[in-house]
1. Using per-residue counts of other Cβ atoms within 10 Å, averaged over each peptide, order 54-61, 645-652 from highest down.
2. Evaluate the distance, in nm, between pseudo-label points positioned 7 Å from the Cα of VAL244 and of LEU138 along their respective Cα→Cβ axes.
3. Can you compute 3J(HN,Hα) from phi for each residue in region 149-164, using the Karplus curve 6.51 cos²θ - 1.76 cosθ + 1.60 with θ = phi - 60°, rounded to whole Hz and x for Gly and Pro?
4. Considering amide H positions built from the backbone, and no H for Pro or chain starts, which residues 5 or more places from GLY168, or on another chain, come under 5 Å of its amide H?
5. Which net charge results when you count Lys and Arg as +1 and Asp and Glu as -1 among the other residues whose beta-carbon is under 13 Å from that of TYR555?
6. Normalising by the residue count of region 88-196, find the relative contact order in percent from Cα pairs under 8 Å and 6+ residues apart.
7. Explain nothing, just compute: Karplus ³J(HN,Hα) = 6.51 cos²θ - 1.76 cosθ + 1.60, θ = phi - 60°, for every residue of region 707-713 in order, whole Hz, x for Gly and Pro.
8. Find how much the distance from ALA589 to THR771 grows on full extension, using 0.36 nm per residue of separation minus their present alpha carbon separation; answer in nm with one decimal.
Amino acid sequence: MILSARRIPLLACIVIASLATPALAAKLNLNGDWRFHRDDQKAMRSDADVPASAWTRVDLPHSARIEAREAVDTWQGQAFYKKDFKARMAPGERAILRFEAAMNVADVWVNGTHLGQHLGGYLPFSFDVSDLLKASGLNQVVVRINNEDNKITGPKPLKDLDYIQYGGLYRGVSLSIKPAVHITDEMLSATPAGGGIFVTYPKADRDAATVRIKTELHNSAKVQRPVTLRHTLLQQGRRVGEIVKRIRLGAGERRHVELDLELARPALWSPQAPHLYQLQSTVASNGQQDQVRTRIGIRRLAFNAQHQLLLNGEALFLRGVNRHQEYPYVGYAISPQADYRDALLIKRAGYDYVRLSHYPHSPAFMDAADELGLVLLDAIPGWQFFNPDPAFARQTVQTCADMIRRDRNHASVLAWECSLNETGMPQSLVDQLHQTVHQEYPGDQAFSAGWVPQTYDIYLQARQHRIGSKHKLPAKPLIVSEYGDWEYFAMNAGFNQTAWADLKEADRSSRQFLGDGEKRLLQQAKNVAEAHNDNFTTPAFADGYWVMFDYARGYARELESSGIMSIDRLPKFSYDFARSQRSAGETSAVWGGGPMVAIASFWTQDSSPLVRVFTNTDEVELFLNGRSVARHKSVASAAHPHLQHPPLEFDTGAMQPGELKALAYQGGKVVATHVVRTPSAPAALQVWLDDMGVKPVPGDLVFLRARLLDAQGNRVPQNGRKVQFAASGGYEIVGATASSTEAGTASVLVRVHGAKGSLRAQADTLEGRATP
C-alpha cells in the first residue's frame with residue numbers, strides 16, 4: 001500500500017516535557033552525520049537487516065555511489081539512510097519533517113513508525129511527525145530509497161534513457177518545530193494553490209505594484225486563538241512596506257488569508273536588472289511566533305498580439321540554453337555553491353533563459369537564477385514514455401502540482417512545462433496538466449507549456465522537429481525548445497534515439513568533445529551559429545541550445561558532447577560564440593559582460609589559416625606577428641542575415657607560427673583585445689582551484705585544474721596528457737585522482753572540508769602546486 005505523504009494520519013499524542021518557548025519557530029538542519037548502506041543485493045527489507053559494521057558515515061547531499069566520469073552502467077537499486085537526532089517540543093508545538101528530494105521512491109520511518117512512501121525523485125515531500133517525537137528528545141529517522149526503473153514515475157528505463165537519474169538522498173533534510181498557530185508547509189496543503197506563502201502581482205509597473213500575499217495558517221490547538229499576521233517587505237535590509245491583519249482561528253482551523261501590500265515605485269525584476277525583495281511573514285499568537293521568509297521579485301508577464309513576450313511591458317527575445325544538473329562522479333548530489341557557479345557560467349555565456357531539462361532542478365539553482373537574472377522554464381520529469389496505467393497519469397499530474405507549489409514564488413520562472421517531453425500523450429492528460437497549471441497558479445501570470453501544439457499556452461517545438469515538417473505553427477507563443485544538436489546528428493531517427501539512422505559524419509556533428517581538436521570544435525560553433533540564426537525565421541520569443549554542459553546518458557556508453565562546455569565546465573569555442581550574442585552595453589559587477597572579442601584558434605601547425613573571431617563590438621582588426629591581416633565590421637552577413645554579431649573570418653594566407661592579436665573597436669576606440677600565441681613544448685603546470693570567485697565552504701564541490709604551459713607561459717592545447725592530482729588537509733578528491741588534458745587542461749573534482757591544505761598536480765616530469 002502506498003501512503004500519501006500529504007495525508008499521513010496523526011497518531012496518538014505523547015507527553016513531552018515542556019521547554020522554554022522560543023521567540024520564533026526553529027528549523028533544524030539534518031544534513032550532517034547520517035549512516036548509509038547500499039543494498040546492492042536488494043535483500044534487506046529494513047534497516048534492522050543491515051549489520052552494524054556495514055554502515056558508513058555520510059553527509060547530505062549524498063549520491064548512493066560515486067560513478068565514473070563517463071558514467072556507464074550506473075547504480076540502480078536500494079539503499080538505506082539512518083540518522084539519530086535531538087529535537088524537543090513544548091506542549092502544542094508541531095514538528096514538520098521535510099525532504100527536498102530523494103531518488104526515486106522513498107519510504108520513511110521515524111522512531112520505528114512508517115510514515116509513508118513518496119514517489120518521484122525531484123521534488124520535496126513533508127510529514128507531520130509531531131506525535132512521534134520522543135519525550136527524551138532522542139529520535140531516529142530511517143529512509144529506504146530505490147532508484148530502479150519505475151513505470152509509475154517514469155520516464156524510460158535507464159538503458160533507453162537520454163539522461164541518468166542518480167540515486168541517493170541528494171538534497172537536504174530539515175525539521176521545523178512550529179508553535180500551535182503557524183504558517184503551513186506548502187507540500188502538506190490539500191488546497192489547490194494553497195499552503196505556505198504564495199505571492200502574486202495583480203499590478204506591477206514602474207509607478208506602483210500590488211504584492212498579493214496568500215498565507216495558509218493552521219491553529220493546531222484545541223481552543224480558539226487570536227492571531228496577528230504581519231507581512232514586512234524589505235529591500236536590501238530596509239523596510240519598504242508592511243501590512244498587518246488580526247483574526248481569530250478556531251480550534252484545529254486551517255485558513256488562507258489573502259492580503260494586498262501596495263508598493264510605490266517598485267524595483268522591477270528583469271534579466272538585465274534582477275531586483276529582489278525579502279518578504280518576512282510572521283504569525284503571532286499566545287506569546288509565540290512563527291516566521292517564514294520568502295525572496296521575491298516583482299514583475300509582470302504578458303504576450304502581445306504578435307505573441308512576443310512582454311516583461312514589465314517591454315518586448316524581449318530570450319536567448320537561452322538547456323541544462324542537465326549533473327556533475328561528474330556525484331551525479332545530482334552537488335553543493336548549492338556548485339549550482340550557483342553553473343548559473344553564473346550560463347549568464348556569462350550570454351544567455352538569459354534556461355530550460356530545465358527534463359525535470360525540476362535544485363532550489364539552489366532556482367535561487368541563483370533569481371539573483372543573476374535567468375528566466376526559467378520549469379519542467380516535470382518526462383522523456384519519450386507514457387504508461388496507460390491511470391496511476392501514471394495521476395502521478396504526472398501530482399508532480400506538476402508539486403513543482404508549482406515548490407517554485408511558484410521564484411521571480412525567474414516564466415512558465416510550467418507540465419508536458420511529457422517528446423511523448424504521445426492522450427488529450428485527457430494534456431487537458432489535466434494544463435488545468436493543473438491554472439488551478440495551482442490562478443490569475444493571468446501562469447502559462448502552461450508543452451511540446452504538442454494544442455491546449456498549452458506556450459508551444460515548445462524543437463528545431464529538429466521543425467525541419468521538414470509540414471505542420472503549420474499554431475497562433476500562440478512559441479519557444480524553440482531545442483536546437484543545434486539532433487538536426488546535425490541524425491535526421492531520420494525520430495523520437496527513437498536508440499535507433500540512430502542517417503547519421504551525419506562525425507566532423508559535421510555538434511557532438512564534439514573539448515579534446516576533439518580545433519577543426520571539430522569550429523564545426524560545433526558553426527552549427528550553433530547557423531541554427532541560432534535560423535531560429536529568427538520563426539515567431540519564437542525564446543530559444544534554447546542543446547545543451548550547456550556535456551552529460552552522461554543511460555543508453556550510450558559515452559558522454560553526450562554537444563555542450564558548449566565540457567562536463568568539467570570548461571569552455572569550447574561555441575561558448576565564445578554565445579558570449580558574442582550579448583550586447584556589449586550589458587555589464588554586471590557579478591557576471592561581467594561588456595565588449596568582448598575571442599579568437600577561435602589554438603594557432604598551432606594544425607590550425608586553419610582561415611581564422612574565425614567572435615565579437616559583440618562594431619568591428620575587429622586581426623594582426624599576425626604585428627602585421628594587420630584585415631579589419632572587418634560586425635554586421636549581418638549573407639550566411640547569418642539575422643545575427644547582429646555574426647562570426648568574422650580572416651584569411652591569413654598561411655599558418656605562420658607566432659602571435660595572433662584581435663583588437664575590437666566600438667565607436668572607433670579599442671574596447672577589447674584577445675591574443676593567441678603558438679605554443680612550444682610543455683614546460684610547467686598551472687594549478688588552481690576554479691571557484692569562479694564564489695568562496696568555497698565546507699561541503700562544497702569545486703574543480704581543481706591543471707593547465708599545460710610552455711616556457712613563455714603560453715597555454716599548450718595538448719590533448720591526452722595524463723595528470724595526477726593530490727590533495728591534503730581540508731580537501732578530498734572525489735572520484736578519479738588522475739585525468740587527461742583536453743585542449744591543454746585536466747580537471748578533477750574536489751570536496752572542501754574546511755581546513756586549509758595543499759593541492760598538487762603532476763604530468764610526467766611537469767609539476768604544479770596550488771595552496772589556497
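1. Descending mean neighbour count gives 645-652, 54-61.
2. 4.6
3. Along region 149-164, the couplings run 3, 9, 6, 8, 8, x, x, 5, x, 4, 5, 10, 9, 7, 9, 10 Hz.
4. Placed amide hydrogens put ALA64, MET103 under 5 Å from GLY168.
5. Residues close to TYR555 contribute a combined charge of -2.
6. Computed over region 88-196, the figure is 36 percent.
7. Karplus values, whole Hz, x for Gly and Pro: 10, 6, 10, 8, 5, 8, x.
8. Computed gain between ALA589 and THR771 is 62.8 nm.
The values are calculated or read from the model by the stated rules, or taken from the named source; none is laboratory data. In this text the structure is predicted, and so the values were computed from the model without any measurement. All Cβ positions, even for glycine, are placed from backbone atoms using ideal geometry, and neighbour counts span all protein chains on display. Surface areas here come from the heavy atoms of the whole protein model, side chains and all, with no ligands, DNA or RNA. Shrake-Rupley method; radii C 1.70, N 1.55, O 1.52, S 1.80 Å.
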